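Colleague: The structure that follows is given in the form of structure tokens.
What follows is calculated from the coordinates using simple rules that are stated; it is not laboratory data. It should be emphasised that the depicted structure is a prediction, and the values quoted were computed from it without experimental measurement. As a convention, Cβ positions derive from the backbone with ideal geometry for all residues, glycine included, and neighbour counts pool all protein chains shown.
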Amino acid sequence: MNTGMQDAFNLSWKLALVSRGLCPPEPLLSSYSIERSHIAKLLLEFTGKATAASIMQGSVKQYIRNHVASLVLGFSPVTHTMANVLSEITVGYSDSPLNAQTQHAHNGVKPGKRAPIRQNELPVGSGDAPRFALFAESNNMPAGLLQKYSGLLEATPRTPFSPDSLSLVRPDGHVALSTKSGDWSAVEAYLTQCLSKAS
């Protein structure tokens with residue numbers, strides 16, 4: 001169920017942007033398989049191992065399995081990690097073609113990782129249309145940038161994750177670009193590439 005919801009969420013915003021003529025089909029649509037196939041492979045490996053452990057035959061093997069499992073699952077960090085893995089909250093796309101490579105990547109927020117979720121802040125991508133969110137100070141922002149890319153960007157930049165950073169977050173909450181504050185050329189380059197074949 002969690003995998004299916006993540007699959008739908010990953011693909012829906014990409015289809016929406018392409019169908020509205022805001023982005024070219026590639027590399028947006030092909031990124032779906034690149035991003036999600038790896039997750040499916042990991043899930044199959046995990047469930048295969050879990051199934052093999054659960055159907056172990058023999059009283060000695062079952063005794064060891066039951067006692068080791070109860071011991072390991074009694075540790076809070078282990079149960080927390082298991083919950084994150086099963087819910088896919090920690091899923092990242094480090095090899096995605098949608099990740100921008102910059103010389104000034106910010107250490108705390110990396111392309112392909114899920115952006116930090118902050119209290120009292122609307123989730124990225126919420127609303128009537130999927131839009132990227134800029135987490136940046138608006139000083140020195142090129143005039144007309146938000147208007148030029150109004151179909152792709154939220155109307156107002158959000159507070160940056162740190163004072164020296166500028167981040168562009170995809171509609172599904174994953175970081176597309178992370179760079180130093182004021183590096184607007186990197187943002188424009190990313191958005192122009194996304195729009196290069198749109199007409």
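Colleague: List every residue whose amide H lies under 5 Å from the amide H of HIS174, counting only residues 5 or more places away in sequence or on a different chain, with H placed 1.01 Å from N in the peptide plane.
Modeller: ALA115
Colleague: Taking the beta-carbon count within 10 Å as an exposure proxy, list GLU154, GLU26, GLU188, GLU35 from fewest neighbours to most.
Modeller: By the 10 Å Cβ count, ascending, the order reads GLU26, GLU188, GLU154, GLU35.
Colleague: Same structure again: When ASP164, ASP128, ASP183 are ordered from fewest to most other Cβ atoms inside 10 Å of their Cβ, what list results?
Modeller: Ranking ASP164, ASP128, ASP183 by Cβ neighbours within 10 Å, fewest first, gives ASP128, ASP164, ASP183.
Colleague: Something else about it: If each residue's Cβ is checked for other Cβ atoms within 10 Å, how do LYS113, LYS14, LYS41 rank with the fewest at the top?
Modeller: By the 10 Å Cβ count, ascending: LYS41, LYS113, LYS14.
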